[in-house]
1. Taking R0 as 45 Å, what's the FRET efficiency between residue A:88 and residue A:218 from their Cβ-Cβ distance, rounded to 0.05?
2. Calculated FRET efficiency, residue B:16 and residue B:405, Cβ-Cβ r, R0 51 Å, to nearest 0.05?
3. Among A:245, A:166, A:34, whose Cα sits farthest toward the positive end of the charge dipole of chain A (+1 at Cβ of Lys/Arg, -1 at Cβ of Asp/Glu, about the Cα centre)?
4. Where in chain B are the DSSP H helices whose C-alpha atoms run 27 Å or more along the long axis and whose mean Kyte hydropathy is at least 1.6?
5. Using the charge dipole of chain B (Lys, Arg: +1 at Cβ; Asp, Glu: -1 at Cβ; taken about the Cα centre), state which of B:24, B:309, B:361 has its Cα farthest towards the positive end.
6. Which is farthest toward the positive dipole end of chain B among B:421, B:452, B:184, measuring Cα position about the Cα centre, with Cβ charges +1 (Lys, Arg) and -1 (Asp, Glu)?
7. Order of A:359, B:451, B:248 from fewest to most other C-beta atoms within 10 Å?
8. Starting from the eigenvalues of the Cα gyration tensor, five times each then square-rooted, give me the equivalent ellipsoid semi-axes of the protein assembly as shown, largest first, whole Å.
Amino acid sequence: MSEEKSEATEFFHDRFGLDENQLAESLGTALERQIEYADLFFEYSTQDSVSLEEGIVKSGSRHIEQGVGVRAQNGERQGYAHSDEISIESVQLAAATARAISEQSRDPGSLAIRTAAGGQDLYPVESIPTDVAVSRKIDLLGEIDSYARSLDPRVKEVMASVLCEHRNLLVVSSDGSIVGDVRPLVRLNVQVLVGDGNKMEVGYDGMGGRYELERLLTPDAWKPRVEEAVRVGTLNLNADECPAGTMDVVLGPGWPGILLHEAVGHGLEGDFNRKKTSAFSDRIGERVAAEGVTVIDDGTLIERRGSLNVDDEGTPTQRTTLIEDGILVGYMQDRLNARLMGMNPTGNGRRESYAHLPMPRMTNTFMLAGEDDPEEILKGVSSGLYAVSFGGGQVDITSGKFVFTANEAYKIVDGRIGAPVKGASLIGNGPDVMQRISRIGSDLELDIGIGTCGKDGQGVPVGVGMPTIRIDGITVGGTQG
Amino acid sequence: MSATETSERLRKTAERALARLTAASATGDVLLAESTSHEVRVRGDEIEFVKQARERALGIRALVANGDGTRSATTSTSDLEDEAVDRMVDETLALARATAPDPSAGLPNAGFAEDLPDLDLIVPADRNVTIEARIDDAKRAERAAREADPRILNSEGSQASSTFGEIVYGNTAGFVNGYASANHGLYSEPLAQADGHKQRDYWMTVSRRLDELEEPASVGRRAADRALRKLGARSVKTCDVPVIFDEMTARGLLGQAAGLVSGYAVYRQQSCWASQLGKLVASDLVNVIDDGRIPGGLGSKPFDGEGLPTRRKKVIDRGRLQTWLLDTYSGRKLGMESTGNASRGVGSGPGVGATNLWIEPGHQTLDEIIADTERGLLVTELMGMGFNPVTGDYSRGAAGLWIENGEIAYPVEEITVAGNFKDMMSGIDRIGSELLWLGRIASPALRVDQMTVAGE
């Protein structure tokens with residue numbers, strides 16, 4: 001047993017009286033049958049939010065979530081049981097359920113566990129966001145409301161919210177390690193309703209990450225977000241109908257990186273590739289994107305929304321190259337799929353909470369910068385669409401078809417940015433669209449910290465990023481043929 | 001533990017929290033939910049996972065009135081020890097006192113549910129279902145899918161789940177009641193492969209009663225048929241044509257309409273129908289009903305999230321919008337009474353939700369509607385989030401089957417369907433005769449007279 005105690009280990013010891021010997025014993029229960037791997041996942045998290053509408057903060061909320069999940073793995077099989085009661089008794093009970101996937105008993109032998117030495121610290125915070133006085137969040141929302149209304153008389157209504165989260169977790173696994181993490185997360189959302197005559201539109205913006213709430217409270221941080229929401233809303237008031245059909249599209253830097261998330265990211269998650277249900281299955285070493293396209297998943301970026309010191313199986317996160325100069329070189333893995341595919345875990349085993357099984361998931365996924373001048377990229381397009389901001393996206397990883405929806409887009413006419421057009425969905429085939437990337441800008445940007453990815457009913461915070469790129473031909477779902 | 005013991009225990013916790021709110025001269029309400037569930041997935045011949053869970057949680061809303069309005073806050077916790085409950089009530093009160101007074105906030109003035117009909121939300125004997133039995137269901141669905149055709153070579157698996165829940169809702173006006181319910185589901189998602197191309201699709205069945213689930217073999221076969229018919233899909237030339245939404249995609253459209261008639265979207269002016277009450281919003285073929293008291297309904301409940309009785313109402317009558325869906329708060333904002341549509345989760349205050357919401361079936365089967373369509377698109381799948389409720393602008397990724405001369409010609413994909421939601425609803429010119437309940441919202445197949453299909 002190591003002398004060193006992590007913050008998370010101490011938290012669970014102090015609050016629930018969990019000690020290492022008892023935990024080892026519980027894992028032993030799970031391992032009494034023929035089980036290759038077992039782990040315990042403890043979680044205690046606090047989330048709070050305050051939201052404003054009609055100029056006042058009408059309500060606040062605070063939620064405490066606690067529980068433990070016990071998992072046993074044998075081959076492709078997983079047994080999982082979870083309970084919202086954190087005690088050795090409930091862990092024992094869950095362990096007995098989880099091991100039911102295996103019928104062969106064996107002598108578990110003795111299991112020694114130790115607290116792993118401290119690794120990376122990607123989100124050091126001096127003050128815990130959920131401990132900040134609610135009055136400061138309320139004051140911020142009031143200022144946002146006044147500021148938004150002062151920017152443009154067409155602003156009819158403002159809705160804004162501040163969300164804070166503080167998550168303590170502890171993973172105890174049958175390889176003998178105890179790994180904890182304490183994760184802060186803050187998020188600001190701004191939404192404005194703008195109206196002109198009988199036309200109405202909404203504009204959204206926001207920001208967030210794994211840092212102190214104080215950062216959001218500074219005007220230099222939140223004012224630009226309010227300005228963006230108002231700008232996009234009023235811009236769309238006068239937007240034209242979007243053209244329909246296949247055309248050349250230039251995507252702006254940053255948040256449009258959601259293209260990568262949908263077009264290739266999900267398709268490169270280990271589970272789909274082990275099962276060979278992905279459009280990218282068995283294609284390592286093959287060209288899956290145009291030359292110059294390098295795509296990375298990196299969970300180690302400081303303070304980013306998608307970053308983690310360790311994933312939800314206790315594996316340290318890393319920088320994983322998925323596509324290098326157009327060639328598929330790697331998948332994102334959790335422990336189960338890595339083991340079954342004979343690969344190494346990549347720190348991508350994530351879960352929404354103790355009530356969910358881990359799966360391979362993205363962290364921060366982005367394309368490296370190229371050498372093209374972004375302005376030159378636009379100049380090269382005689383007729384097409386320039387899309388700079390997007391709402392959500394979705395992918396069918398088997399057929400490779402993905403969709404994402406623009407909420408700020410312009411026509412490109414003779415290499416110049418033309419009239420704004422209404423939001424439209426873009427649809428393409430991942431492996432195909434990635435090969436049609438013909439220009440890559442030098443202006444890589446990461447998004448501002450607002451992404452949540454859904455898979456199999458589980459939501460996790462993620463980041464995306466991209467430089468300006470040009471795609472030669474993608475289907476745009478407007479109404480003007 | 002028996003169902004009665006559970007509900008007794010939940011009721012005691014509710015009463016404790018309510019007494020503490022009252023002692024602090026506040027009002028408010030609490031929701032307690034406890035559930036047990038199991039879920040299994042089988043893929044090929046192997047069990048992929050077996051999951052078992054027991055969950056319980058308490059949600060508290062504190063309402064603190066002062067001269068010009070009521071301040072409110074909501075909290076939730078899964079720690080139901082007495083001391084933790086007391087502490088959470090105190091935290092909720094403190095948080096409420098920090099917010100601004102709102103003249104519309106507060107409990108309903110009166111009219112709490114008195115008759116609490118048994119809505120067949122659970123079959124007591126179903127509680128005895130074993131994990132092994134549900135594994136067997138999943139295996140049978142999986143086998144049927146895999147054996148349906150030689151081109152079904154792989155799958156994401158077949159999944160079965162059963163959840164048994166018990167809720168107690170109580171408020172400081174003296175209403176404390178609860179009910180038990182169950183949900184059973186079976187889902188299969190096979191992959192079809194041919195000529196180096198892969199397609200997936202799924203089929204599912206959901207019910208409050210185990211014996212009303214579709215046969216596992218049928219679920220697997222239908223899932224396989226849906227995946228197989230997508231093989232060889234291609235794009236089409238951009239054009240304006242009639243678009244038929246099948247029962248799976250039409251329910252999504254109705255779900256979006258439900259969002260437009262929610263009292264919150266209306267008072268916030270975030271609905272393109274906000275000024276349309278009493279006006280024609282859909283073609284005169286369209287009748288929409290919301291009824292929270294259908295026996296066995298997946299959206300049925302004897303009382304809503306504020307203790308008010310659920311009821312039947314016609315939301316759209318021959319195309320004319322008859323009512324919003326309201327809870328007490330959104331009703332007050334609009335100067336109206338609640339329609340018994342408060343929906344409440346443990347982790348939030350009341351909001352508005354449909355109960356069982358459906359479009360009344362018409363007289364033509366889907367096949368007859370297809371035969372009636374010279375050239376057009378049958379949409380079987382929608383992707384992405386391209387719907388703006390404020391303007392009604394609609395643009396989504398789609399896949400489906402192309403129709404030529406009243407017959408299915410070939411599968412299509414990598415296309416979008418776009419239009420404005422208001423025009424789409426007014427343009428409904430055919431309504432199918434079959435309803436498919438996979439959740440609280442159901443719709444027969446619908447044909448919209450014209451939309452833009454973007455492709456090549």
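A short reminder: the numbers here are calculations on the coordinates, not readings from a lab. The structure displayed is predicted, hence computed values, not measured ones. Here the Cβ is made from the backbone with ideal geometry for all residues, glycine too, and neighbour counts use every protein chain on show.
1. Values: r = 45 Å, r/R0 = 1.00.
Once rounded, the FRET efficiency stands at 0.50.
2. 0.15
3. The residue sitting most towards the positive pole is A:245.
4. Helices meeting the criterion: none.
5. B:24
6. It is B:421, whose Cα lies furthest towards the positive end.
7. B:248, A:359, B:451
8. Taking √(5λ) for each Cα gyration eigenvalue gives 38, 35, 31 Å.
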